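J.: A single structure is presented below for examination.
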Amino acid sequence: MGALTLRQSLALYVAFMVAAVVGVVYFVRTAPPLPQAQCSEIVTFMDVIRGKLVREPQKSILDLWSCLREYKKDNWWHTTAGIWGIYVIFKIFGPFGAGTSMVLSVLIGALYEEWAEPFSRYSLLAHALGVSGEICGGAGGWIMSYCIGREILLHFAAEKMATLQKEMDKFQGSLFRYMLFLRVSPLFPNWFVNYSTALIGMPFSYYFVASFLAIQPAACMSIAMGSMLRDVGETGLDLVKMSKRGGMMAATMGLLSLPLIPADDLAKFLARAKRFLGIAKAEEKKKD
């Protein structure tokens, strides 16, 4: 079978997107009805496509939280499957869901209290849902791009692809480090990293592991933000509790970010720190 043309690739991309929309519509129509009193002002699927979820995140999250909190009491599985499925779909079709990951992660943090960690009340279930949605959706985009994305990216993002390849040449011998760099660097949009790394010879295992590691700090931050919003909505503003959670969140993010620092950069930083503190000179004198 020969390579796909640009027209064939675009047709398949649109077909996959239509199939996803049909699946969402079928899921919504067959699900139990939403409580109208709490759900009259929530954002719709088309509102998300138009970017309302990103333009008005605070109102959108609070409206969705009020609605889904009530709906989840009697329809836990429908709520969970719906949110997770939407998360995955927007990650697969990245350009159309750009910016929604953070909002959906905050919403998940606000909705789920199960498997709470005893000290900070951080929900491990919410973390698992957010991280798995991010990874599975990104992996779906990677696989789709590997199958049909080459001509699309070379036509619509040729300059970005050239820059990606140029940057890759600096990391020869360490593709995993380059993949980790792409995941934590703001150099390229997240959706573009998902699509493009499938076409430059990046092993899927490197992509998967680097994505799993790199998403942890951001997932902790957004889900903790969601839990704080839930507390504000239920019990009002408690500055002491918020400051405690904020401190624990910052410490957790710092610890989770340490493994993402490349070994060479970490060694250089430690060497500079030793010189600054005078430790290096002391060690040299001991050796003499």
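J.: Along region 93-103, what does the Karplus equation 6.51 cos²θ - 1.76 cosθ + 1.60 (θ = phi - 60°) give for ³J(HN,Hα), rounded to whole Hz, x for Gly and Pro?
T.: 9, x, x, 8, x, 4, x, 7, 4, 4, 5
J.: Continuing with this model, one more query. Treat each spin label as a single point 7 Å out from the Cα along the C-beta direction, and report the LYS73 to GLU41 distance in nm.
T.: 2.0 nm
J.: Using a 1.4 Å probe over the heavy atoms of the protein chains, calculate the carbon and sulfur portion of the accessible area of region 1-106 as a whole percent.
T.: 66 percent
J.: Counting only heavy atoms of protein chains, what accessible area per residue, in Å², does region 1-116 have with a probe of 1.4 Å?
T.: 57 Å²
J.: With a cap of 14 neighbouring Cβ atoms within 10 Å, and only residues DSSP puts in a loop, list the chymotrypsin sites (Phe, Trp or Tyr not before Pro) found in region 87-153.
T.: Sites meeting the loop and neighbour criteria: TRP115, PHE119.
J.: Working only with C-alpha atoms, what are the Rg and Dmax values of region 127-237, expressed in angstrom?
T.: Reported Rg and Dmax, both Å: 16.5, 53.
J.: Then there is this: State whether region 1-122 is rounded, prolate or oblate according to the following rule on the C-alpha gyration tensor (a ≥ b ≥ c being the square roots of its eigenvalues): a/c under 1.5 gives rounded; otherwise a/b larger than b/c gives prolate, and the remaining case gives oblate.
T.: Taking the square roots of the gyration eigenvalues as a ≥ b ≥ c, region 1-122 is prolate.
The values are calculated or read from the model by the stated rules, or taken from the named source; none is laboratory data. Being a predicted model, the structure only gives us computed values, none of them experimental. Note that each Cβ is placed from the backbone with ideal geometry, even for glycine, and that neighbours are counted across all protein chains shown. These area figures cover heavy atoms from the full protein model, side chains too; ligands, DNA and RNA do not enter into them. Shrake-Rupley method; radii C 1.70, N 1.55, O 1.52, S 1.80 Å.
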